[in-house]
Amino acid sequence: MSRPIMSLLVGLGFAIAVSACATPTTRHPVIAADLGAPAASSDMATSLARPGVVTFQRVAFAHWTGGRGTFIDRDDPRTAEVPQGSEEATIYAYVIDHPRFGRVLIDAGVSAELDDRLNWIMRRSVRDLNVRIERTTAQWLAGQTAPGAVFLTHLHFDHVGGLIDLPLATAVYLGPGEAQEGSRINLLLGSPADAILEGHGPLREWAFQPDPEGDFDGVLDVFGDGSVWALSVPGHSAGSTAYMVNAIDGPKLIVGDAVSTRLGWEDGMPQPVPAAARAAADRSAERLRRFATAHPSVEVFLGHQSRTGQPGTQPD
Ligand SMILES: [Zn+2]
């Protein structure tokens, strides 16, 4: 969601270079994850043939509307043919129930209390997106088993806001470098991740090793039983992480904002990222598409939309 926020700041006449040095996404403490065995992408591919042991469910929490420039890079000539217009986006989280490790959420949904924790610039930016909450994480949690852990795709506020509604003891995992990623804009936005993570324990950082086959930057067998895999897919953010879930009803690939829309996945449109992240973002998107193409049984879940032909909560 960085583009509308940038536009707003420019519109308000702020000098983006207000700070000489970059501010990290969060100053929340980070420790090494206590889960995740380094593996090769071929190990993950082999696991697809085994019967799944976890259940999987996608939950829609909120909807918002953004101009296409929020999702595709209008400065990139590859997007020249895409007409002007807006895209409907959904904030999702995913519920995994493992017979031994219990319940895990991928991303965290939304909280009604988020607004109060944001500074006025960030709050106004969120209002510009016309976010319509369908259910908060607190509402979803009522009558449910609370998750013991949240596996984040990344730290942007629309993926972590629901942590406010989850027990402070919930263990939170994320990709390497995600917390520390610096940007001058973080200072102006008042570090929303810090505000959301207040009171939570340290973030647990996935310890990826290079994938021996080079299909991804790194692959982790999260529980050591082939049921859930973490994939390093940097670009949208420094520590962007995708998850492959070997569910009872078939394998699911949760790509996060490595590819957030159908324009990105189906038409290969590049997303707006800083120039320094362009190569990584394009490479990560291509690697995910290649994996899905090679394994057509895998159902793909994009960051903010349903794939064409797949059942989704409408409108998204
Ligand atoms: Zn994002």
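The values are calculated or read from the model by the stated rules, or taken from the named source; none is laboratory data. Here the structure is a predicted model, which means the values were calculated and not measured. Ligands, DNA and RNA are stripped out before the accessible areas are found, and what is left, the full protein with its side chains, is counted by its heavy atoms. Shrake-Rupley method; radii C 1.70, N 1.55, O 1.52, S 1.80 Å.
Fully extending the segment from E286 to R50 would add 82.4 nm, taking 0.36 nm per residue of separation and subtracting the current Cα-Cα distance. Shape call for region 91-134 from the C-alpha gyration tensor, a ≥ b ≥ c root eigenvalues: rounded (a/c under 1.5), prolate (a/b greater than b/c) or oblate? Note, shape of region 91-134 comes out prolate. When the Kirkwood radius is taken over all Cα pairs of region 255-313, what Stokes-Einstein diffusion coefficient follows at 20 °C and 1.002 mPa s, in µm²/s? Taking Rh from Cα pairs, D becomes 181 µm²/s. In sequence order, region 62-78 has phi-based couplings of 7, 10, 8, 10, x, x, 4, x, 6, 10, 10, 7, 5, 8, 9, x, 5 Hz under the Karplus curve 6.51 cos²θ - 1.76 cosθ + 1.60, θ = phi - 60°, and Gly or Pro positions carry x.
Given a 1.4 angstrom probe, what's the average accessible area per residue across region 230-269, in square angstrom?
Details: 820 Å² over 40 residues.
For region 230-269, the per-residue accessible area is 20 Å².
Of the residues P147, P77, P251, the one that moves most in a GNM of the chain with alpha-carbon contacts below 10 Å is P77. Across D267, D97, D217, mean-square fluctuation computed from a Gaussian network of the chain (C-alpha pairs under 10 Å connected) peaks at D267. Both numbers refer to the Cα atoms of region 51-177; Rg and Dmax are 16.6, 50 Å. Only Cα pairs under 8 Å and 6+ residues apart enter the sum, and on that basis the relative contact order of the chain stands at 24 percent.
How many percent of the accessible area of the chain is carbon or sulfur, using a 1.4 Å probe? Provide the component values of the computation, followed by the final result.
On the way: 6780 of 12750 Å².
Summing carbon and sulfur atoms, their accessible area is 53 percent of the total for the chain.
What percent does the relative contact order of region 152-295 come to when contacts are Cα pairs within less than 8 Å and at least six residues apart?
Numbers: 220 pairs, mean separation 29.1, N = 144.
Once divided by the residue count of region 152-295, the mean separation gives 20 percent.
Here the convex hull built on the C-alpha positions of the chain has a volume of 128 cubic angstrom per residue.
Pick out which of G239, G182, G214 has the largest mean-square fluctuation in a Gaussian network model of the chain, springs linking Cα atoms closer than 10 Å. Between G239, G182, G214, it is G214 that shows the largest mean-square fluctuation.
Over region 130-233, what lengths in whole Å, largest first, do the semi-axes of the equivalent ellipsoid take, defined as the square roots of 5 times the eigenvalues of the alpha-carbon gyration tensor? Walk me through the numbers on the way to the answer.
Values: eigenvalues 130, 81, 32 Å².
Output for region 130-233: semi-axes of 25, 20, 13 Å.
Considering helices alone, the calculated mean residue ellipticity of the chain at 222 nm is -5500 deg cm²/dmol, with DSSP H runs of length four and up weighted by -39500 (n - 2.57) and normalised per residue. Karplus-derived 3J(HN,Hα) values for region 295-305, using 6.51 cos²θ - 1.76 cosθ + 1.60 with θ = phi - 60°, are 10, x, 6, 7, 8, 9, 10, 6, x, 9, 9 Hz; glycine and proline are entered as x. Would you mind classifying region 158-316 by shape? Square roots of the alpha carbon gyration tensor eigenvalues, ordered a ≥ b ≥ c; an a/c under 1.5 is rounded, otherwise it is prolate if a/b is larger than b/c and oblate if not. It is rounded, given that a/c, with a ≥ b ≥ c, falls under 1.5. The mean accessible area for residues of region 136-229, using a 1.4 Å probe and ignoring ligands and nucleic acids, is 33 Å² per residue.
Summarising the amide proton neighbourhood of R103: residues at separation of 5 or more, or on other chains, whose placed amide H is nearer than 5 Å comprise H98, G148.
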